[in-house]
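Right, one structure below, let's go through it.
The values are calculated or read from the model by the stated rules, or taken from the named source; none is laboratory data. Keep in mind that what you see is a predicted model, and the values were worked out from it rather than measured. Cβ atoms come from the backbone with ideal geometry, glycine included; neighbour counts cover every protein chain shown. What goes into the accessible areas is simple: the full protein's heavy atoms, side chains included, and nothing from ligands, DNA or RNA. Shrake-Rupley method; radii C 1.70, N 1.55, O 1.52, S 1.80 Å.
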Amino acid sequence: MINRYRLTSTVYDREEEYQKILPEKRIFLSVEGNETEKEYFDGVSKNREKMGINAKIDVEVLRRGKKDTDSAPQQVLELLEEYIRLREQNEDDILREISEQFKEQYSVDFIRQYLEDSNKIPKKKRNIFVTELKKIGYDINYRKYLRKYNQELDEFAVMIDRDIYTHSETNMLECIKHCQVNGYQCYIANPCFEFWLLMHLADILGEFGKSLDDIKENKKVSDKHTFVSKAVSDRAHHGKSGIRFAAQYMPNIDYAINQAKGFASEEYDLVDRIGCNLWKLMEKLKQYGK
């Protein structure tokens, strides 16, 4: 069987205890990276009231398996659209979807029982079935978690890097057009998401005014770093515990927004020029309900 499903996570139950008010609007965001982007936006979500963001709006980063490194623009879009299809499915659709994958192994009645109340199935059989689901990437718990959300106010968005070494100009343009046609927001960082992080940590023009071409080229400078990621590492010293959002990034959000406005911000401009339009998302969050 082919692993055709990508929505998966070892942590599918968000920490709801910090949410005194359940959001009425969520922005579902599909990103390239498995770690840094997720950590950043999880930090935004957890601290949004401290940042002056209405508790009734939230950002939900769609998750995929740690071994899933498919990060081309089209693959970021695929993850988003897998979720959109999931939202549109009813219980019969889900039953049919799983049954088609296991029509020679499990009866429809067995799968229906599993979906309705898996505890009524003997533990050994249940565990074997879960293992089979994992082989095709079907994370039922995470998908159940995501299906809780189906509000008309919700928005869908992608966040992609303009990595000249892996993402062709054609791919970028196709991604932008696809987003426009389908009503998705398209956030782009040229050359990479770390440039947005660097805007929190450094005076870009003051410190890198003579190195903007180096930022754009973003060449590898070591086994671990590109030019931009090293500049971030030199200042933030991210460790195994990940980024320290509340300490290093949250206090400088407005500083990053103001700096980003001085660079390219429109999607098509960001294909060729350095910049990042994530400031638009941050301002949208801050302005919601006002």
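Only protein atoms count toward the accessible area here, which uses a 1.4 Å probe; on the chain, the carbon and sulfur part of that area reaches 47 percent. A P(r) calculated from all alpha carbon pairs of the range 200-290, with 5 Å bins opening at zero, reads 3, 12, 18, 24, 22, 15, 5, 2, 0, 0 percent.
Assuming charge only on the beta carbon of Lys and Arg (+1) and of Asp and Glu (-1), the dipole of the range 144-265 about its Cα centre is about 420 debye to the nearest 20. Counting only protein chain heavy atoms and rolling a 1.4 Å probe, the accessible areas of Phe129, Phe110 rank, largest first, as Phe110, Phe129. Send over the Kirkwood Rh of the range 72-231, from the inverse of the averaged 1/r over different Cα pairs, rounded to one decimal Å. Computed over Cα pairs of the range 72-231, the Kirkwood hydrodynamic radius comes out at 19.4 Å. What angle, in degrees between 0 and 90 and rounded to the nearest 10, separates the Cα long axis of helix 227-236 from the longest principal axis of the Cα atoms of the chain? Once rounded, one gets 90 degrees. Only the Cβ atoms of Lys and Arg (+1) and of Asp and Glu (-1) were treated as charged; on that basis the dipole of the chain about its Cα centre amounts to roughly 960 debye.
Compactness of the chain was expressed as the Cα radius of gyration divided by 2.2 N^0.38 Å, which yields 1.09.
How large is the helix-only mean residue ellipticity at 222 nm for the chain, computed as the sum of -39500 (n - 2.57) over DSSP H runs with n ≥ 4, divided by its residue count, in deg cm²/dmol to the nearest 500?
Calculated from helices alone, the mean residue ellipticity at 222 nm is -13500 deg cm²/dmol.
Solvent exposure of the chain amounts to 52 Å² per residue of accessible area, where only protein heavy atoms count and the probe is 1.4 Å.
If you average 1/r over all unlike Cα pairs in the range 144-247 and invert the result, what Kirkwood radius do you get in angstrom?
When all Cα pairs of the range 144-247 are included, the Kirkwood radius is 16.1 Å.
Specify which residue in the list Val181, Ser107, Ser241 is farthest towards the positive end of the charge dipole of the range 102-256, using unit charges on the beta carbon of Lys, Arg (+1) and Asp, Glu (-1), about the Cα centre. Ranked along the dipole, the leading option is Ser107.
Among the GluC sites (Glu not before Pro) found in the range 32-126, those both in a DSSP coil and sparsely packed, with 15 or fewer other Cβ atoms within 10 Å of their Cβ, are Glu35, Glu49, Glu104. For the chain, the longest principal axis of the C-alpha atoms and the axis of helix 91-101 are separated by about 90°.
Among residues other than Tyr249 whose Cβ falls under 14 Å from its Cβ, what is the net charge (Lys/Arg +1, Asp/Glu -1)? With Lys, Arg at +1 and Asp, Glu at -1, the neighbours total +1. Look at the alpha carbon pairs under 8 Å that are at least 6 residues apart: their mean separation over the length of the range 63-205 gives a relative contact order of 27 percent. Note on exposure: Lys50, Lys284, Lys125 ranked by accessible area (1.4 Å probe, complete protein assembly) read Lys50, Lys125, Lys284, with the most exposed listed first.
In the chain, Cα pairs under 8 Å separated by at least six residues give a relative contact order of 24 percent. Cysteines of the chain lacking any other cysteine Cβ under 4.7 Å from their own Cβ: Cys175, Cys192, Cys276.
Of Thr166, Thr8, the order by accessible heavy-atom surface (1.4 Å probe, DNA, RNA and ligands excluded), from most exposed downward, is Thr166, Thr8. Using equal-weight Cα scatterers in the Debye expression, the normalised intensity of the range 101-186 in log10 at q = 0.16, 0.19 Å⁻¹ is -0.81, -0.89. Report D for the range 103-146 in µm² per second (integer): Stokes-Einstein, Kirkwood Rh on Cα pairs, 4 °C, 1.567 mPa s. Estimated via Stokes-Einstein, D reaches 118 µm²/s. Taking the C-alpha atoms only, the angle from helix 36-46 to the longest principal axis of the chain is near 80 degrees.
Loop-located GluC sites (Glu not before Pro) in the range 133-231 (DSSP state not H, G, I, E or B) with no more than 13 neighbouring Cβ atoms inside 10 Å: Glu152. Seen from Gly209, the other residues with C-beta closer than 15 Å to its C-beta sum to a net charge of -2, counting Lys and Arg as +1 and Asp and Glu as -1. Computing FRET efficiency as 1/(1 + (r/R0)^6) for Thr166 and Arg87, where r is the C-beta to C-beta distance and R0 is 25 Å, gives about 0.25.
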